[in-house]
Amino acid sequence: MRDYRYTSPASGMARTDREERRCLVVDDEPRLRQALVRLMQLDGFTCFECGSGVEALEILEREPVILVLSDLRMPKMDGATLLREIRERYPDVAVVMITAVAEVEVAVECLGRGAMDYISKPFVLEEVRARVKQALERRRLVLENRHYHHSLEERVRVQARRLEELFIASIQSLADALELKDAYTRGHSARVSHYSGLIGRELGIEGDTVRQLELGGHLHDIGKIGVREDVLNKPGTLTAEEYAHIMTHPVLGWRILLPLLSDSPVALNVVRSHHERIDGRGVPDGLGGDAIPREARIACVADAFDAMMSGRPYRSRHLTVDGALEELRRHARTQFDLDVVEALCSVVGRGDIALPTRHSIAELAVGKG
Ligand SMILES: [Fe+2]
């Protein structure tokens, strides 16, 4: 048989209201406990009652309540311990401590540990009523505040998701615009992104940096949007003027992407510096050696590797994988970073290179910082 008693309120309140107004009275002194139960019932509460903290926890496991009135000094488990347990397990329950005058200091300590209030014995019923009302009002405010924060956090999350979607859509639009102009670019950009990621990981780059590297690889030629189509698709050899015009694309791309990728410096570096050379004779800034951002040195090798094996309007010769690696090695230390070339050779040697079918920009942008 259960060692606690359940008493329904005398009044005929609506069921839902009764369910909300449920309380537990914990006191080892039956007369006092019953006085409290009667008072709470008069105020429309459905009451559970018991004589110790252990029993109280058993009841709370089965019966949801919004309020616990608990004596401090009880057998088995005292009120302070019960309070701690309730705070941990049922943080939404308001706890009001009942204390003897001599225990006021302990009761005040309980306030510091999360009790809403305390009532000193012997108590006046009107005072109990007022304290309970106050405690429940405080509980309501706490719950409201928490709900407000949750809904605020949810709204922020929704906004952030929307911003991310807009960001991805804007990047995708740019990529689509370039694809319309230069059909070769899409497959090439996807492969450069893929190779860059593989090389980057081979060199120990990971996390958001490698994702930015891949994003930069995908967008590295975006500046070609600003290159004349007759030059972009010209068969045969380019004039010096035409070549110079094409080679404005790293800076053009960097300018286009700067407002969009201001929090992705690695990706921006790839776009701006993927035509720099180790010997300092590249564009646009004539950087040399380690002054070229590592991500750009990686994308540069990935770009050249794919270009050597692909057909371009101005290039009729296609190299095999081995031929392309040989060519990269031959130009390492002048055009390419030797470590990056070696990393690519390792990746290829292990058979890790796979041509992506369609590298999703959305995938690359996920996790953008
Ligand atoms: Fe390029």
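Quick note: the coordinates plus some simple rules give every number you see, no bench work behind them. These figures come from a predicted structure and were not determined experimentally. Don't worry about glycine lacking a Cβ; one is built from the backbone with ideal geometry, like all the others, and counts go over all protein chains shown.
Distances over 28 Å make up what percent of all Cα-Cα pairs in the stretch 39-185? Don't skip to the answer; put the middle values down first.
Numbers: 4296 of 10731 pairs.
Here the long-distance tail beyond 28 Å is 40 percent of all Cα pairs in the stretch 39-185.
Around Tyr195, with a cut-off of 9 angstrom between Cβ atoms, what is the net charge of the other residues, counting Lys and Arg +1 and Asp and Glu -1? Overall, the nearby charge balance is -1.
Within the straight-line cut-off of under 16 Å between alpha carbons, the aspartates and glutamates reachable from Lys76 are Asp3, Asp27, Asp28, Glu29, Glu49, Glu55, Glu58, Glu85, sequence neighbours fewer than 8 places apart in one chain being disregarded.
Helix-only mean residue ellipticity at 222 nm, the chain, DSSP H runs n ≥ 4 weighted -39,500 (n - 2.57), per residue, nearest 500. What is it? Display every interim value, and only then the final one.
Details: 16 runs with 211 residues, N = 369.
After summing the helix terms and dividing by the residues of the chain, the value is -18000 deg cm²/dmol.
Report the antiparallel proportion of the DSSP beta bridges in the chain as a percent, rounded to a multiple of 5.
Numbers: 4 of 24 bridges.
So the antiparallel bridges amount to about 15 percent of the total.
Within a straight-line Cα-Cα reach of under 29 Å, Lys181 can be paired with the following lysines, leaving aside sequence neighbours fewer than 8 residues apart in one chain: Lys224, Lys234, Lys368. Sorting the segments 287-294, 345-352, 99-106 by their residues' average number of neighbouring beta-carbon atoms within 10 angstrom, most packed first, yields 287-294, 99-106, 345-352. If you take the square roots of the eigenvalues of the alpha-carbon gyration tensor of the stretch 182-365 and sort them as a ≥ b ≥ c, do you get rounded (a/c under 1.5), prolate (a/b over b/c) or oblate? Rounded.
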